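Please treat every number below as a calculation from the coordinates, not as lab data. Since this is a predicted model, take the numbers as computed values, not measurements. Cβ: placed from backbone, ideal geometry, glycine included. Neighbour counts: every protein chain shown.
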Amino acid sequence: MRMVFLGPPGAGKGTQAQQIHEETSIPLLIMGDMLRASVKRQDEVGLEAQGYMNRGELVPDEVVIRVILKRLEEEDCQTKGFMLDGFPRTSQQAQALDKHLSQCNQQLDLVIYYSLPDEIAIQRLSGRKICRKCGKIYNISTLNISTDEQTVCSKENCGGEIYQRVDDDPSVQPKRLAEYHQKTSPLLEYYRQKGMLREVSANRKVEEIFSETMKNLKMT
Ligand code: AP5
């Protein structure tokens, strides 16, 4: 299975993708996490990406395309397929992915679009916290932690530090949403025309969204 998750920042793509990965073992490639890991290492990609990410802007196409195509060539993606969270985000990225797949005699099976009004996305981004160690995603206003006091991950055997992403600051959120509407949302039509797009309302409980996503996977 080769699939892509689309949707605005805060729609819950990462939350759903983690659960689907646990259920199916399909390799999960999270573009934002790959870039954040590069920033942490301060490698060439990280140094180039950091400023764009902190400002809520998309990182240049040639950088993210290079990173993702290299990862897609690895054995696990070639044999088990992949789930892409956060890629593609522009027409140029979508075309680069199509070209790569056609060179490998492969094609995408499914694109899931998690739809969510901007005001709810902003509420979710404002309350998000993430475990530095295991990557578990929390939310202080909508989900699983009710107090700002919690500073360590409650997942069994973890206890990692919980932190807030720099780009979740209220001053950066409008730019991220604007980038999404201007550069990523045209991809909905691109994939709709190819007959691959399935829309799932993300304005529901996590379990309901998961169940509808799994139904779409099984029908493909
Ligand atoms: P990235 O890390 O991909 O950020 P994003 O797309 O903005 O997505 P998010 O991680 O913010 O949201 P999500 O949909 O995964 O939501 P989540 O599950 O966490 O990208 C960051 C930056 O990297 C970009 O701005 C750009 O600079 C760069 N970048 C990345 N990819 C790029 C590319 N292809 N090209 C160029 N640049 C790129 O959920 C959000 C919150 O809501 C959480 O707290 C969660 O607990 C909560 N929540 C989830 N579901 C529900 C629910 N059903 N009900 C209530 N709360 C919920």
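Using a Förster distance of 22 Å, how high is the FRET efficiency between residue 161 and residue 25, based on the Cβ-Cβ distance and rounded to 0.05?
Numbers: r = 28 Å, r/R0 = 1.26.
Efficiency, rounded to the nearest 0.05: 0.20.
List the residues whose amide H sits under 5 Å from the amide H of residue 4, counting only those 5 or more places along or on another chain, with H placed 1.01 Å from N in the peptide plane.
So residue 4 has HN proximity to 84, 110, 111, 112.
Have a look at the chain and give its Rg and Dmax from the Cα atoms, expressed in angstrom.
When restricted to Cα atoms, the chain yields Rg and Dmax of 16.8, 51 Å.
Using a simple spin-label model with points 7 Å from Cα along the Cα→Cβ vector, what separation in nm is obtained for residue 151 and residue 33?
Each label point is offset 7 Å from its Cα along the Cβ direction, giving 2.6 nm.
What does the convex hull of the Cα atoms of region 1-102 come to per residue, in Å³, rounded to a whole number?
Numbers: hull volume 10.5 nm³, N = 102.
Taking the convex hull of the Cα positions in region 1-102, it is 103 Å³ per residue.
Give the Rg/Rh ratio for region 111-220, taking Rg as the radius of gyration of the Cα atoms and Rh as the Kirkwood radius, to two decimals. If you can, show how the numbers build up before the last one.
Working: Rg = 16.2 Å, Rh = 15.9 Å.
Rounded to two decimals, Rg/Rh equals 1.02.
With θ set to phi - 60° and the Karplus curve 6.51 cos²θ - 1.76 cosθ + 1.60, what are the ³J(HN,Hα) couplings of region 83-98 in order, to the nearest whole Hz, using x for Gly and Pro?
With coefficients 6.51, -1.76 and 1.60, one gets 10, 9, 10, x, 8, x, 10, 9, 4, 5, 5, 5, 5, 5, 5, 4 Hz.
If the chain between residue 92 and residue 1 were fully stretched, how many nm would it gain, using 0.36 nm times the residue separation less the Cα-Cα distance? Please list the in-between numbers first.
Working: separation 91, 0.36 × 91 = 32.76 nm, distance 2.27 nm.
Between residue 92 and residue 1, full extension yields an extra 30.5 nm.
Per residue of region 214-220, in order, report the coupling 6.51 cos²θ - 1.76 cosθ + 1.60 (Karplus, θ = phi - 60°) as ³J(HN,Hα) in whole Hz, putting x for Gly and Pro.
Those phi angles translate into 4, 4, 5, 5, 6, 7, 8 Hz.
Can you list residues from other chains, or at least 5 along the same chain, whose modelled amide H is less than 5 Å from the amide H of residue 139?
Sorted by chain and number, the residues that satisfy this are 129, 144, 145.
Distance between Cα centroids, region 2-44 to region 52-93: provide it in whole Å.
10
Full extension from residue 178 to residue 103: what is 0.36 nm times the residue separation minus their Cα-Cα distance, to one decimal in nm?
Extending this stretch completely gives an extra 23.7 nm.
Order these peptides, 124-134, 79-89, by their mean beta-carbon neighbour count within 10 angstrom, highest first.
On the way: 124-134: 18.5, 79-89: 20.5.
Descending mean neighbour count gives 79-89, 124-134.
Along the Cα→Cβ direction, 7 angstrom out, place labels at residue 216 and residue 73. What is the inter-label distance in nm?
If labels sit at residue 216 and residue 73, their model points lie 3.1 nm apart.
Mind giving me the nanometre distance, one decimal, between the label points for residue 194 and residue 171, set 7 Å out from Cα along Cα→Cβ?
3.9
With a Förster radius of 35 Å, plug the Cβ-Cβ distance of residue 47 and residue 80 into 1/(1 + (r/R0)^6) and report the FRET value to the nearest 0.05. If you can, show how the numbers build up before the last one.
Numbers: r = 32 Å, r/R0 = 0.91.
Between residue 47 and residue 80 the formula returns 0.65.
Considering only the chain, what is the antiparallel percent among its DSSP beta bridges, to the nearest 5? List each step's numbers first, then the result.
Details: 6 of 22 bridges.
Around 25 percent of the beta bridges assigned by DSSP in the chain are antiparallel ones.
Who wins for biggest fluctuation among 155, 136, 205 in a Gaussian network model of the chain, springs between alpha carbons below 10 Å?
Maximum among the listed residues: 155.
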